[in-house]
Amino acid sequence: MDLESTLEATQTNINWEIESFFKSAPPLRNSADISEKLENFIKRNEMASGNGGARRRVVCVTSGGTTVPLEQRCVRYIDNFSSGHRGATSTEYFVKAGYAVIFLHRRGTFQPFCRSLPDDPLLECFESIDGTNIKVHKLYSEAVERAIAEHHSAVKKGFLLKLPFTTIFEYLQMLRMIALSTSNLGPNAMFYLAAAVSDFYVPWQSMAEHKIQSASGPLNMQLAQVPKMLPVLRQQWAPKAFLISFKLETDSKILLKKAVAALEKYKMDMVVANELLTRKEEVVVVTSSENITVRRDKNAGVDDVEDPLIQLLVERHSTHINTNSSSVL
Ligand code: PMT
């Protein structure tokens, strides 16, 4: 077999795996509602201008971990670690930079503009007076006011669309919908894939319908591999978009090697490499020509590593748009 035929066969195989993943996934319950929200959001931003009068850019930020249900009427599931802090914080900086953000996030994880609130904001930020009226606790009044004002302004101006997922099935179907709906934006669209996506799953048809009984003894289960979506995102769903994937490792010795391999294999524009323990302090942005270390520096007023990170990505996105804009539409 020559190289071209081998590549074609590999491609056919990837497409088949992805097709069968989507065919066997339980359909999204609210897909018409999501479609409508997406269409309105894209329409509103497609025509709008962003910073400096240029076309407004749209970024899809994915955030939080996907779950893999073990039963169709799910009682147990396998989870992927991610608090959603990276995605929520990055969303704030993208909005600040004039981007319209589609925040595809795991239900119950960190939300943009709410990071300075306590874990249970409803119960901790408010207090009851005389058992009839409720007011904001003075300890939190500034934080609550800021969160509400910033969130409200972003949504009202059409800068923020929040779409929640829980399972791997929901996440991948929604990512595909978003990618296809941004195709008219060409290089003005960006994907910032910070979600921790399951690598293995139980196919819906082979999943137990009811709660698996512990009386049946130890559980043996074979998990299928979730097809990688990065190649199809690059080649078919959003070929002109600026694509940033993430690489998380716990062993610093293999991190950069794996990030470089992902950049080349999946033809990403950038890969953000981070280590679990230091992920809030430092990340390395891997591109085809250089590795750029980005750090937070509280002494210099840089409270979040996402602040310089998003500045760098916005700059590189501008170059991507300038290089590719002749082929837009
Ligand atoms: O949320 P925090 O607590 O703040 O933590 C942030 C983070 C550490 C989760 C984040 O910075 C991060 O690194 N996210 C990616 C973590 C990850 O699990 O990567 P991965 O090696 O599973 O996947 C690498 C890339 O492949 C990802 O961009 C993913 O979108 C993509 N992928 C993964 C599986 C799959 N089937 N298809 C994919 O396309």
Here the residues within the range 28-73 that are closer than 17 Å to Phe169 by Cβ and surrounded by 15 or more Cβ atoms within 10 Å (Cβ to Cβ) are Leu28, Ile34, Thr62, Gly64, Gly65, Thr66, Thr67, Val68, Pro69, Leu70, Glu71
Taking the range 146-175 only, how many residues are over 16 Å from Phe41 (Cα atoms), part of a helix (DSSP H, G or I) and in contact (Cβ under 8 Å) with a residue 60 or more places away in the chain?
6
Test for Glu124: is it assigned to a helix (DSSP H, G or I) and more than 30 Å from Ser198 (Cβ to Cβ)
yes
Between a first residue in the range 203-216 that is at pLDDT 95 or above and a second residue that is assigned to a helix (DSSP H, G or I), which pairs have beta carbons less than 7 Å apart while being 6 or more apart in sequence or on different chains?
none
Any residue at all in the range 262-274 that's over 28 Å from Glu19 (Cβ atoms) and surrounded by fewer than 20 Cβ atoms within 10 Å (Cβ to Cβ)?
no
Give the residues of the range 302-313 that are free of Cβ contacts under 8 Å to residues at least 12 places away in the same chain and either crowded, with 20+ Cβ neighbours inside 10 Å or acidic (Asp, Glu) (or both), sorted by residue number.
Asp303
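For Glu209, are the conditions met, namely being touching an Asp or Glu at 6+ places or on another chain (Cβ under 8 Å) and of a type in the set (D, E, K, R)? Break it down into steps so the answer makes sense when it comes.
Working: touching an Asp or Glu at 6+ places or on another chain (Cβ under 8 Å): yes; of a type in the set (D, E, K, R): yes.
In short, yes.
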For the range 93-112, give me each residue that is more than 13 Å from the ligand (Cβ to nearest atom) and closer than 18 Å to Asp304 by Cα.
Tyr93, Phe94, Val95, Lys96, Ala97
So which residues in the range 275-284 are near the ligand (Cβ under 8 Å from one of its atoms) and either among the aromatic types (Phe, Trp, Tyr) or surrounded by fewer than 21 Cβ atoms within 10 Å (Cβ to Cβ) (or both), if there are any at all?
Leu276, Arg279, Lys280
Counting only residues that are over 30 Å from Glu315 (Cα atoms) and in contact with a His (Cβ under 9 Å, 6 or more places away or on another chain), which one in the range 59-74 is farthest from the ligand (Cβ to nearest atom)?
Arg73
Among the residues of the range 176-186, is any assigned to a helix (DSSP H, G or I), under 18 Å from Thr91 (Cα atoms) and within 16 Å of the ligand (Cβ to nearest atom)?
yes
Name, by its number, the condition in (1) within 16 Å of the ligand (Cβ to nearest atom); (2) touching a Leu at 6+ places or on another chain (Cβ under 9 Å) that does not hold for Ala208.
(1)
Tabulated pairs, the range 14-32, first of a type in the set (Asp, Glu), second surrounded by fewer than 15 Cβ atoms within 10 Å (Cβ to Cβ), C-beta under 9 angstrom, 6+ apart or interchain
Glu17/Gln225
Exception for Asn299 within (1) over 22 Å from the mean Cα position of the chain (by Cα); (2) surrounded by 15 or more Cβ atoms within 10 Å (Cβ to Cβ); (3) of a type outside the set (A, V, I, L, M, F, W, C) falls at (2)
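Conditions (1) in a loop (DSSP other than H, G, I, E, B); (2) of a type outside the set (Lys, Arg); (3) in contact with a strand residue (DSSP E or B) (Cβ under 8 Å, 6 or more places away or on another chain); (4) more than 30 Å from Met207 (Cβ to Cβ), marked per residue:
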position: Gly87; (1), (2), (3), (4): no, yes, yes, no
position: Ser90; (1), (2), (3), (4): no, yes, yes, yes
position: Val95; (1), (2), (3), (4): no, yes, yes, yes
position: Ile102; (1), (2), (3), (4): no, yes, yes, no
position: Gly108; (1), (2), (3), (4): yes, yes, no, no
Would you call Tyr192 buried (at least 22 other Cβ atoms within 10 Å of the Cβ), touching a strand residue (DSSP E or B) at 6+ places or on another chain (Cβ under 8 Å), in a helix (DSSP H, G or I) and not aliphatic (A, V, I, L, M)?
no
Criterion: more than 11 Å from the ligand (Cβ to nearest atom) and either under 18 Å from the mean Cα position of the chain (by Cα) or modelled with pLDDT of 95 or more (or both) - qualifying residue of Pro231, Pro239
Pro239
Only residues in the range 268-293 that are among the acidic types (Asp, Glu) count as the first member; pair them with residues that are within 12 Å of the ligand (Cβ to nearest atom) and in a loop (DSSP other than H, G, I, E, B), Cβ under 9 angstrom, at least 6 apart or cross-chain, and list the lot.
Glu275/Thr250; Glu281/Val305; Glu282/Val305
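The values are calculated or read from the model by the stated rules, or taken from the named source; none is laboratory data. Given the structure is predicted, the values throughout are model-derived calculations rather than measurements. Glycine gets a Cβ as well: all are built from the backbone with ideal geometry, and neighbour counts include every protein chain shown.
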